[in-house]
Amino acid sequence: MSHSQEKLKRGQVPFAELPRVDSVKDVRALCVCGSCGGLGNSDSMIDHGKQWLHGRCFVSRYGKAQLCHLPKTKTDRLTLGDLGVEIMKYLIDHQSRWP
């Protein structure tokens, strides 16, 4: 299924709407997702090794549990429009349990 035909979960917006370009700083922050190949802003994506991933792409590849084990500094930047309500709630509920 192509990303344009992907059924979005509640709260998610299409990948094409995730990158924002309001200033020169935003243009410099644009990067390609290592999973879907779509654009995003690095300040709202997960830096994972040598690649950047949208939050929902990370979950698709590694699962919700792995998302919760990432350092809070990596997950604090994720947006509701990317993750959707269900995954964001899961992250908030489960990440608070980790030291």
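Data overview
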quantity: Added length on full extension, which subtracts the Cα-Cα distance from 0.36 nm per residue, ILE92 to ARG10; calculated: 27.9 nm
quantity: Within the chain, helix-based [θ] at 222 nm, where runs of 4 or more DSSP H residues each add -39,500 (n - 2.57), nearest 500; calculated: -10500 deg cm²/dmol
quantity: Which labelled figure in [x] 32, 25, 23; [y] 41, 34, 24; [z] 37, 29, 23 is Cα extents along the principal axes in Å, once derived from the coordinates; calculated: [z]
quantity: Taking THR73, THR79 and counting other C-beta atoms within 10 Å, the order from fewest to most; calculated: THR73, THR79
quantity: Helix 80-95 axis, angle to the chain major axis (alpha carbon atoms, nearest 10°); calculated: 20
quantity: Nitroxide proxy distance, nm - points 7 Å out along Cα→Cβ at VAL21 and GLN51; calculated: 2.3
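All of the numbers you see were taken from the coordinates with simple rules; none came from a lab. Owing to the predicted nature of the structure, the values given are computational and were not obtained by experimental measurement. All Cβ positions, glycine included, derive from the backbone under ideal geometry; neighbour counts span all protein chains shown.
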